[in-house]
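K.L.:
Questions regarding the structure given below will be posed in turn.
The values are calculated or read from the model by the stated rules, or taken from the named source; none is laboratory data. No experiment lies behind these values; they were computed from the predicted model shown. Cβ sites come from the backbone with ideal geometry, for glycine too, and all protein chains shown count toward neighbours. All accessible areas refer to the heavy atoms of the entire protein, side chains included, with ligands and DNA or RNA removed. Shrake-Rupley method; radii C 1.70, N 1.55, O 1.52, S 1.80 Å.
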Amino acid sequence: MNRLTTSWGAFELARFPEDPRDTLRAWDAADEYLLRHLHGIDDAAPVPLTGTVAVVGDRWGALVTSLAGHHPVVQITDSYLGQQATRANLARAGTDSGAVRLLSARDTPPERVDVLLVRVPKSLALLEDQLHRLAPAVHADTVVVGTGMVSEIHTSTLKLFERIIGPTRTSLAAKKARLIFCTPDPDLPRVPSPWPLRYDLPADTGALAGRTVTNHAGIFCAERLDIGTRFFLRHLPTGHGAEHVVDLGCGNGVVGTAAALAAPQALVTFTDESFSAVASAEATFHANVPAGKAEFVVGDGLSALGDGSADLVLNNPPFHSHRATTDTAARRMFADARRVLRPGGELWVVGNRHLGYHVRLRRLFGNCDVVASDPKFVVLRAVKRR
């Protein structure tokens, strides 16, 4: 936990789930730059935070925790973990629970927004979808300010603001962060978001070949099937007789859908921390296995599942947290999988060869087999012995 000092006070902030070993802060220079701008820096006038303040993409709640005194404030995020961090940080600050309205990226946005603050996401598609969804709520007097690290803001980023909201310019860089200033143009047509995107799966995806997958904006490789998942689909277990299969970190749900086609009797649980990912998985599953049994969970890994409740867990773990490379998510996913597996249950993992997941799995399960490998990826199997 670290202390963020702002013009509105000092706040103890942490990511979620809290881990004393985690050295990553719950904010960065882009958040600080935006907060300083709102208060008025370099002789600039403070931004009047009146009316509805909407904060999009606030990663761990640093922005809305700082601005919660300017009621009403609305946070819009695609991250369940970010939303939980926000709740904890607001409670730690002693903020009234009604001061900030927490919405997911799939919820209906406010009808009117007077101040729109956008933390630029890693995904350009997610930014496009968010701006399209919010554009009808923006009016001529809405103050629109974006923020991000210099490495996150590109010409394509600015063109999206320009095309969807109005004329756009950027600030000078400060501590490798930059601000985006956008002036709403009421004459711009407000057109629906082009997302979600649907495409047919390629021929080398087994039983899924030619089937349609749905991808909401912001999920990993939303415009095409990523090569790691494609490799995994070619080597999934068959004939396993599992009654309960879990697609952990499900993304668009193609792995769990393939498992459902291979084991029609099984209940498949799709779980992810991304609201858009779970919505994508639900659409993909129902389009391809209309009579199948499934449940869809937005949450923190497998925290919603009981001990010893699953026969098979399938996992393609992320190794980035925003811009940071980390194996924290993978470590927690593997430990979670061991907890929910029954004795004799199996965890199947696909990952880049260089990540060395086999070392972690052998330490945790006492065993790990290589099912398949190529120069880039490896599929691993670990069995819970007891």
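K.L.:
With no solvent and one point on each alpha carbon, what is the Debye value of log10 I(q)/I(0) for the range 32-97 at q = 0.13 Å⁻¹?
P.N.:
-0.36
K.L.:
Say the dipole of the range 256-386 comes from +1 at the beta carbon of Lys and Arg and -1 at that of Asp and Glu; which of His358, Thr257, Pro318 then lies farthest toward its positive end?
P.N.:
His358
K.L.:
Another one. Take peptides 201-213, 294-306, 184-196 and line them up by average Cβ neighbours within 10 Å, highest first, as a rough protection proxy.
P.N.:
294-306, 201-213, 184-196
K.L.:
Which whole-number percent is the relative contact order of the range 1-137 (Cα, under 8 Å, 6+ apart)?
P.N.:
Reported as a whole number, the value is 23 percent.
K.L.:
At q = 0.18 Å⁻¹, what is the base-10 log of I(q)/I(0) for the range 138-192 according to the Debye formula with one equal point scatterer per Cα and no solvent? Please give it to two decimals.
P.N.:
-0.58
K.L.:
Under 13 Å from the 7 Å Cα→Cβ point of Asp187, by amide nitrogen: which residues of the range 138-171?
P.N.:
Correct set: 167.
K.L.:
OK, next. Measuring from the lowest to the highest alpha carbon on each principal axis, how far does the range 1-117 reach, largest first, in angstroms?
P.N.:
40, 36, 23
K.L.:
With the convex hull built on the Cα atoms of the range 1-66, state its orientation-averaged projected area in nm².
P.N.:
Computed as one quarter of the Cα hull surface, the answer is 4.9 nm².
K.L.:
Calculate the dipole size of the range 241-367 relative to its Cα centre from +1 charges on Lys and Arg beta carbons and -1 charges on Asp and Glu beta carbons; express the result in debye to the nearest 20.
P.N.:
Roughly 560 debye for the range 241-367.
K.L.:
Something else: Of the accessible area of the chain, with the probe set at 1.4 angstrom, what percent is carbon plus sulfur?
P.N.:
51
K.L.:
Given +1 on the Cβ of Lys and Arg, -1 on the Cβ of Asp and Glu, and no further charges, what dipole in debye does the range 329-386 carry about its Cα centre, rounded to the nearest 20?
P.N.:
Here the size comes out at about 320 debye.
K.L.:
Take the chain, connect every pair of alpha-carbon atoms lying under 10 Å apart with a spring to form a Gaussian network, then pick out the residue of Ser151, Ser104, Ser280 with the largest mean-square fluctuation.
P.N.:
Most flexible of the set in this elastic network: Ser151.
K.L.:
Mind checking Rg over Rh on the range 326-386, alpha carbons, Kirkwood formula for Rh?
P.N.:
Here Rg/Rh amounts to 0.95.
K.L.:
Over the range 127-204, calculate the relative contact order: mean separation of alpha carbon pairs under 8 Å at least 6 apart, over the residue count, as a percent.
P.N.:
Across the range 127-204, relative contact order equals 37 percent.
K.L.:
A follow-up question, please. Extending each Cα 7 Å along its Cβ direction at Ala335 and Arg386, get the distance between those two points in nm, one decimal.
P.N.:
Placing both labels 7 Å along Cα→Cβ, they lie 2.2 nm apart.
K.L.:
Among Leu201, Val191, His216, pick out the residue whose Cα is farthest towards the positive end of the charge dipole of the range 185-336, where Lys and Arg carry +1 and Asp and Glu carry -1 on C-beta, about the Cα centre.
P.N.:
After comparing all options, I get Leu201.
K.L.:
Please compute the net charge surrounding Asp204, taking Lys and Arg as +1 and Asp and Glu as -1 over other residues with Cβ under 14 Å from its Cβ.
P.N.:
Around Asp204, the surrounding residues sum to +1.
K.L.:
Sorted by average packing, counted as other Cβ atoms within 10 angstrom per residue and highest first, what order do 131-139, 13-21 take?
P.N.:
131-139, 13-21
K.L.:
Among Thr269, Val370, Ser303, which residue has its Cα furthest toward the positive end of the charge dipole of the chain, with +1 on Lys/Arg Cβ and -1 on Asp/Glu Cβ?
P.N.:
Of the options given, the answer is Val370.
K.L.:
Take the alpha-carbon centre of the range 88-128, take the same for the range 248-272, and report the distance between them in whole Å.
P.N.:
That distance is 30 Å.
K.L.:
Which of the lysines could a cross-linker span from Lys376 if the Cα-Cα distance has to be under 26 Å and same-chain partners fewer than 8 positions apart are dropped?
P.N.:
Lys122
K.L.:
Residues in the range 63-79, backbone N under 17 Å from the label point at Ile41 (7 Å along the Cα-to-beta-carbon vector): list them, ranges by number please.
P.N.:
63-64, 66-67
K.L.:
Here is a follow-up. Would you mind telling me which residue in Thr86, Thr23, Thr271 has the biggest mean-square fluctuation in a Gaussian network model of the chain, where springs connect alpha carbons within a distance under 10 angstrom?
P.N.:
Highest fluctuation of the listed residues: Thr23.
K.L.:
Next up: Starting from the Cα gyration tensor of the range 133-224, take the square roots of the eigenvalues, sort them a ≥ b ≥ c, and report rounded, prolate or oblate (rounded when a/c is under 1.5, otherwise prolate if a/b is larger than b/c, else oblate).
P.N.:
oblate
K.L.:
Go through 247-258, 46-57, 375-386 and give me the packing order, highest mean Cβ count within 10 Å leading.
P.N.:
Packing order, densest peptide first, comes out as 247-258, 46-57, 375-386.
K.L.:
So with the 1.4 Å probe, I'd like the accessible area per residue for the chain, rounded to whole Å².
P.N.:
44
K.L.:
Which value, in debye to the nearest 20, describes the size of the charge dipole of the range 129-282 about its Cα centre when Lys and Arg Cβ atoms bear +1, Asp and Glu Cβ atoms bear -1, and nothing else is charged?
P.N.:
Roughly 460 debye for the range 129-282.
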